[in-house]
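The values are calculated or read from the model by the stated rules, or taken from the named source; none is laboratory data. Values in this document were obtained by computation on a predicted structure and should not be read as measured data. Because the Cβ atoms are built from the backbone with ideal geometry, glycine has one as well, and the counts that use them run over all protein chains shown. Surface accessibility is based on the protein's heavy atoms, side chains included, excluding ligands, DNA and RNA. Shrake-Rupley method; radii C 1.70, N 1.55, O 1.52, S 1.80 Å.
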There are 2 protein chains.
Amino acid sequence: MKIALSQINTATGDLTFNTQKMVQTIAQAQNEGIDLLVFPELSLPGYPPKDFIFTSDWFTQQEKKIQEVRAASAGIHVILGVIHKHENKIYNAAMWMDRDGKTTLQKKRLLPNQDVFDEKRYFAPGDTQSVWQIDQERIGISVCEDLWAPFFPQYTVDPIAELAQQKPTVMINISASPFVAGKDKVRKDLVQNHQKSYSCPFLYLNLVGGNDELIFDGGSFAMAADGRLLMQIKSFEEDVLIFDTDREALDIAAYPEDILEQKKHAIVLGLQDFVHKSGFKKVVLGLSGGIDSAVVAGLAVEALGAENVITVFMPTQYTRDISEIDAKSIARNLGTRWYELPMDEVKNQLQANIATMLERTMQSLTFENMQARIRGVILMAVSSEENALVLQTGNKSEMALGYCTLYGDMVGAISPIADLYKHEVYGIGKLLNQDTEVIPARVFQRAPSAELKADQEDTDSLPPYDVVDPIVRMCVEEGKSVEEAAAAGYDLAIVQKLYGWIENQEFKRKQAPPVLKVSSKAFGVGRRMAIAKRGYAD
Amino acid sequence: MKIALSQINTATGDLTFNTQKMVQTIAQAQNEGIDLLVFPELSLPGYPPKDFIFTSDWFTQQEKKIQEVRAASAGIHVILGVIHKHENKIYNAAMWMDRDGKTTLQKKRLLPNQDVFDEKRYFAPGDTQSVWQIDQERIGISVCEDLWAPFFPQYTVDPIAELAQQKPTVMINISASPFVAGKDKVRKDLVQNHQKSYSCPFLYLNLVGGNDELIFDGGSFAMAADGRLLMQIKSFEEDVLIFDTDREALDIAAYPEDILEQKKHAIVLGLQDFVHKSGFKKVVLGLSGGIDSAVVAGLAVEALGAENVITVFMPTQYTRDISEIDAKSIARNLGTRWYELPMDEVKNQLQANIATMLERTMQSLTFENMQARIRGVILMAVSSEENALVLQTGNKSEMALGYCTLYGDMVGAISPIADLYKHEVYGIGKLLNQDTEVIPARVFQRAPSAELKADQEDTDSLPPYDVVDPIVRMCVEEGKSVEEAAAAGYDLAIVQKLYGWIENQEFKRKQAPPVLKVSSKAFGVGRRMAIAKRGYAD
């Protein structure tokens, strides 16, 4: 029996797009003699589920699309992911559409509701696990989290164990498992651990593609009953895995080993999909001559092509010559379009007007932020004129500490590198330079600066990034207390100061663009904090 | 037995502030001979719960505060709301601290996870309901949602019914029930319906105060066993209800009848608390001479006092004389500080610079948005100089359709009226004029305009608001399909157009300030939509 795992790239809430993609794939599979074609979790509505399913006619619309898939799938077994409504309950389900069009459901049992997941907002859990007899095979199907029972102590049932008791000949898990660096290995370990108890071939199908913050890395695989990896298809792009139950074959596409390389692939995919799924082709960003915007430009060129990346240089009197030289080199090396707008005139004019209004000279911090915001206004004008989405160029370290200007350098439709610490941004920069130097060496060496006043350096306001980065990680990703972070070898007063900043800057992050998630805890939907919580003023 | 329901205003995540408030209240209650003092749901950690509880030492910190409350409460029974951790599970619980310091827990059974609620992200459900013998009374305690089983068909247990079987002499529900216009009546109906089956006196204690988007309206009440309303304390402010089980008393503070008046009270409270709990006293907003900013200014003056409200007028060549006259009248009538910054110079300068850079004149829409964004830059400078939070002045109708400029008029720390349709903004304007006219009559009569180009009116781009408002409501609040909305008497093409706009403007709302929620469905945490979902570009 030939089983095809179709690792497709769906769009959340776009029933028409997802249906077309599945119908096309079914036609190919029919031509290639596939017996059973499998699509990822929620392949029809797209993942993640969102509140669009609460519109009164949504299930009617989905039913029409199910009929379209059914009409296209004569003669082939298809398993797809749907949202099933029965009485007052809604389920996340795998639907088996047999070759005569009859349908059978396996409802998802374990519903993730931590971090970025909201499945309990939408779904009720299924309560049984069944093996499906499809032709000569006994297929044990499970949906994503159902694989993860051994991983989370709060789960009291193990759907895979229940399946195993029913003696399947093949197990298949359909997932929409968001990328986190290093997770590919965790998934394989999980499957192998299951197989130690229930020796049975196991097919793992993951979604691929970006949907807002979430990036699905694909990397679907097949494991023999004894836990040997037999096949793995591509990561970070669409692909198909064909598993023949009658003939063991070995075909393994490597999943990138290096954590930073994984993150780079993920960001390129997430950025590409965010732009395309928003209906755009082009992006625009401010290029400062610093590492952050250089790396975002490099990633954007990989994702969208140099012809679709516009770089804008907006110098003031505080911009050093080397910034202009390096920014120009980066744009030239990458082949991006170059715009330049010297903004001293506007800056001075606005500064003078505001001083007149307030009857005093504004403070330095006000003035610095004002400059960053003028840049935001210019970038949004270019965005509008060029039909290009603005890319926000901030990193995780500055987003954590609030070392960024709301409505200024925080302007953007998407934040590609806001889940990378400053040191990781340098690391990705080196990866971008691997074949030919696109980012000049000086950009890596010079001290980071916002260049919003004379001779400014980040370390005027912040501890050095080799102190900032680990403290931010302990706070944001690891949930460590102030005392624990200090015990890791940092000055208690500095830890307290940084923790305080992180807590107080929630108001900025509330209004930040979506952040492409590549770590275990990114800013955005997976981290839900109160904004007004600094106690009453005196 | 004298039971006091202490309707306090807590701050989310501020253990110190909430503990101090409870300790002070306990001292008063001891002086006044109260036997049992009751605080609202999660009174110690604050409501709503957020991810701060995932910091490794959070429960240790809470335990210290529980000890502080215990140390202060000798000789009096106290019921407070805490987060309880046991093994791998976390519960939302009512804690009874008896007069000797011994504690007993009642865990919340039903965990709301729809709309703005995320309780299943944090809590496991309790599984039993117990009556507490406190002195001569048998107290049946329940937590918020546990009252609502008859209201939601998905619930399969009814904690109040379980309590009733144990023959309590008084039932108490401790809630943190967010304000929605008209909800006070629903709560009373719920309690009365329960009482038809289980005749028993019922005390309903609600939280009061604003926490980010959510506003808790208080309005706690006591009902006799036969369902008569005996006592109701104040709404939208702190108050205490003292119920003597030995002596029936009648004392009913009116809850505002009028829906718009309710919303006005809620917004004033929510705005006041957002500003104060953020550690600020002052606010600043752009006054245009139109109804939206006039109403926000009026509400801000009620919430914070005229001395804490700064109004900035930023005219261009497109600003009509009557706008300036009316804006000045509003500021004078309200007594707010007045700043004026004519911005043609800066606007023309920036327009020319961008034209030079792009080598063409920008389109009208780009130019209009650019002006709105310059206003945003100016307001943020005033904010920084005056230590005043910016108030965003958009309404729900324009936020729905995206008739607003991201980083322009969408700038702000909080959106006080973004859950009011345009017609409701006029209604609140009339309420503000009830005693003396603060908003000139002309502001109500003239056609709404953004004044971003010559002779602009909203109806150049939008259908009239008496068409927009009901269609937005059907889409956003009622989840009606396009066909259902058209069937309510609207042109199908217009409904389709507006529904499309609402869907496509998600990217703006992602970056909007928090919206004070007063309707059944506000933009923000209670409405979770995908951003990039307009299908692939060709």
Output for the range A:443-471, where each listed residue is under 22 Å from A:Ser481 (Cβ atoms) and touching a Gly at 6+ places or on another chain (Cβ under 9 Å):
A:Pro470
Selection within the range A:140-190 - under 22 Å from the mean Cα position of the chain (by Cα), more than 20 Å from A:Leu111 (Cβ to Cβ) and of a type in the set (Gly, Ala, Ser):
A:Ala181, A:Gly182
Considering only the range A:451-467, state which residues are open to solvent by 30 Å² or more (accessible area, probe 1.4 Å) and part of a loop (DSSP other than H, G, I, E, B).
A:Lys453, A:Ala454, A:Asp455, A:Glu457, A:Ser461, A:Pro464
Which pairs do you get when a residue that is surrounded by 14 or more Cβ atoms within 10 Å (Cβ to Cβ), found in the range B:419-439, comes within reach of a residue that is aromatic (Phe, Trp, Tyr), reach meaning Cβ atoms under 7 angstrom, with the pair 6+ apart or on two chains?
B:Lys422/B:Tyr465; B:His423/B:Tyr465; B:Tyr426/B:Phe444; B:Gly429/B:Phe444
Qualifying residues in the range A:68-102 (those that are touching a helix residue (DSSP H, G or I) at 6+ places or on another chain (Cβ under 8 Å), away from chain B (no Cβ under 14 Å) and of a type outside the set (A, V, I, L, M, F, W, C)) - the one nearest to A:Phe117 (Cα to Cα)
A:Asn92
Residue among A:Gly335, A:Gly305 that alone is without any contact (Cβ under 8 Å) to a residue 12 or more places away in the chain and on the phi > 0 side of the Ramachandran plot:
A:Gly305
Test: residue in the range B:7-15 that is more than 10 Å from chain A (Cβ to nearest Cβ), part of a helix (DSSP H, G or I) and within 26 Å of B:Pro178 (Cα to Cα):
yes
Please state which of the following conditions B:Tyr490 fails to meet, knowing it meets all the rest: (1) within 12 Å of chain A (Cβ to nearest Cβ); (2) surrounded by fewer than 20 Cβ atoms within 10 Å (Cβ to Cβ); (3) aromatic (Phe, Trp, Tyr).
(1)
Every residue in the range A:484-502 that is part of a helix (DSSP H, G or I) and among the hydroxyl-bearing types (Ser, Thr, Tyr), please.
A:Tyr499
Those residues that are open to solvent by less than 10 Å² (accessible area, probe 1.4 Å), aliphatic (A, V, I, L, M) and either closer than 17 Å to B:Ser130 by Cα or in a helix (DSSP H, G or I) (or both), I need them from the range B:83-95; list them, please.
B:Ala93, B:Ala94
As an exercise: evaluate A:Leu350 against (1) farther than 22 Å from B:Glu345 by Cα; (2) without any contact (Cβ under 8 Å) to a residue 40 or more places away in the chain; (3) within 7 Å of another protein chain (Cβ to nearest Cβ) and give the number of the one condition it does not meet.
(1)
Could you tell me whether any residue of the range B:350-366 is among the acidic types (Asp, Glu) and over 27 Å from the mean Cα position of the chain (by Cα)?
yes
Search the range A:451-471 for residues that are touching a residue at least 12 places away in the same chain (Cβ under 8 Å) and on the phi > 0 side of the Ramachandran plot and pair each with any residue that is assigned to a loop (DSSP other than H, G, I, E, B) and surrounded by 14 or more Cβ atoms within 10 Å (Cβ to Cβ) when their beta-carbon atoms are under 8 Å apart and the residues are at least 6 apart or on different chains.
A:Glu451/A:Ser288; A:Glu451/A:Thr316; A:Glu451/A:Tyr318; A:Glu451/A:Thr319; A:Glu451/A:Arg320
Among the residues of the range B:103-149 satisfying the criterion of being more than 14 Å from chain A (Cβ to nearest Cβ), over 15 Å from B:Ile174 (Cα atoms) and not in a loop (DSSP other than H, G, I, E, B), which is least open to solvent (accessible area, probe 1.4 Å)?
B:Ile134
Report every pair of residues separated by at least 6 positions or lying on different chains whose Cβ atoms are under 9 Å apart, first residue within the range B:126-149 and under 25 Å from B:Pro178 (Cβ atoms), second in a strand (DSSP E or B) and charged (D, E, K, R).
B:Gly126/B:Lys107; B:Val143/B:Lys107
Is it the case that A:Asp538 is out of contact with any Lys or Arg (no Cβ under 8 Å at 6 or more places or on another chain) and at pLDDT below 95?
yes
Give the residues of the range B:503-538 that are over 30 Å from B:Asp184 (Cα atoms) and either among the aromatic types (Phe, Trp, Tyr) or not in a loop (DSSP other than H, G, I, E, B) (or both), sorted by residue number.
B:Glu503, B:Asn504, B:Glu506, B:Phe507, B:Lys508, B:Lys510, B:Tyr536
Could you say whether any residue in the range A:219-226 is within 14 Å of chain B (Cβ to nearest Cβ) and farther than 15 Å from A:Pro256 by Cβ?
no
Could you say which residue among B:Pro463, B:Pro448 is over 27 Å from the mean Cα position of the chain (by Cα), more than 14 Å from chain A (Cβ to nearest Cβ) and farther than 28 Å from A:Val275 by Cβ?
B:Pro463
Residues (over 20 Å from B:Leu37 (Cα atoms) and open to solvent by less than 40 Å² (accessible area, probe 1.4 Å)) located in the range B:237-259:
B:Ala253, B:Tyr255, B:Pro256
Just name the residue that is farthest from the other protein chains (Cβ to nearest Cβ) out of those in the range A:17-67 that are among the charged types (D, E, K, R), closer than 21 Å to A:Leu207 by Cα and outside any loop (DSSP other than H, G, I, E, B).
A:Lys65
The residue from A:Glu503, A:Glu478, A:Glu457, A:Glu483 that alone is over 30 Å from the mean Cα position of the chain (by Cα) and at the interface with chain B (Cβ under 9 Å from one of its Cβ atoms) is A:Glu483
Consider A:Ile53 carefully, then state whether it is open to solvent by less than 10 Å² (accessible area, probe 1.4 Å), closer than 30 Å to A:Asp246 by Cβ and touching a residue at least 40 places away in the same chain (Cβ under 8 Å).
no
Of the criteria (1) in contact (Cβ under 8 Å) with a residue 12 or more places away in the chain; (2) touching a helix residue (DSSP H, G or I) at 6+ places or on another chain (Cβ under 9 Å); (3) among the basic types (Lys, Arg); (4) farther than 29 Å from B:Thr361 by Cβ, which one A:Arg373 fails:
(4)
If a residue must be at the interface with another protein chain (Cβ under 9 Å from one of its Cβ atoms), of a type in the set (A, V, I, L, M, F, W, C) and closer than 21 Å to B:Val468 by Cα, how many such residues does the range B:367-409 contain?
1
Mind checking whether some residue in the range B:404-412 is in contact with a helix residue (DSSP H, G or I) (Cβ under 6 Å, 6 or more places away or on another chain) and open to solvent by 30 Å² or more (accessible area, probe 1.4 Å)?
yes
Where residues in the range B:8-38 are without any contact (Cβ under 8 Å) to a residue 40 or more places away in the chain and among the small types (Gly, Ala, Ser), which of them is most open to solvent (accessible area, probe 1.4 Å)?
B:Gly33
